[in-house]
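One structure is given below, encoded as structure tokens.
The values are calculated or read from the model by the stated rules, or taken from the named source; none is laboratory data. Not measured: the values here are computed from a predicted model. Here the Cβ positions follow ideal geometry from the backbone for every residue, glycine too, while neighbour counts run over all protein chains shown.
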Amino acid sequence: MADLNDAVSRANAEANAIFGKLAKAVEAAGRKGGTLNVLEVAKQAGLEVDERALGSLHIDPVIFIHPWLPWHIWFPWRPLWCWYWRRRYSWYLGCPWWWYRCYWKPPCD
């Protein structure tokens, strides 16, 4: 059982590191205002997402920045979180901590 706990802890730490980088990249881009290219920011953070995946997640490739709101309100990170878990750790059958509180958009195919 300890091995399973370690595996989940490592997977969660890896996801938190990548999404921490995503938060910093989005905040940096958000200071500039205007629009944000989701693919560019996601790739800066280390997510290997492409236009097809964004389409399946119903995320627009370019979004407007709302500098008066925190980034996690206006940036579509939840579908990317679910996509990341589905792609990186498919044996969890999606993101393990979002079973019943996941974003309204469906997870990636």
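Side notes on the structure shown:
- Criterion (in contact with an Asp or Glu (Cβ under 9 Å, 6 or more places away or on another chain) and touching a residue at least 40 places away in the same chain (Cβ under 8 Å)) met by exactly one of W81, W77, W71: W71
- Among residues that are modelled with pLDDT under 85 and hydroxyl-bearing (S, T, Y), Y103 is included.
- Single residue of A29, A25 found to be outside any loop (DSSP other than H, G, I, E, B) and modelled with pLDDT of 90 or more: A25
Residue by residue, here is whether (1) at pLDDT 90 or above; (2) in contact with a Cys (Cβ under 8 Å, 6 or more places away or on another chain); (3) farther than 28 Å from R31 by Cβ holds:
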residue: S56; (1), (2), (3): no, yes, yes
residue: V62; (1), (2), (3): yes, no, no
residue: P67; (1), (2), (3): no, no, no
residue: W83; (1), (2), (3): no, yes, no
residue: Y89; (1), (2), (3): no, no, yes
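- Members of the stretch 35-45 that are surrounded by fewer than 16 Cβ atoms within 10 Å (Cβ to Cβ) and either touching a Pro at 6+ places or on another chain (Cβ under 8 Å) or farther than 19 Å from I63 by Cα (or both): N37
- Candidate set: the stretch 1-34, residues that are polar (S, T, N, Q) and loosely packed, with under 12 Cβ neighbours inside 10 Å; chosen: the one nearest to Y84 (Cα to Cα): N16
- Pairs are defined by a Cβ separation below 9 Å, a sequence spacing of at least 6 or placement on different chains, a first member in the stretch 46-63 that is loosely packed, with under 14 Cβ neighbours inside 10 Å, and a second member that is hydroxyl-bearing (S, T, Y) and modelled with pLDDT of 90 or more; the pairs so defined are V62/T35.
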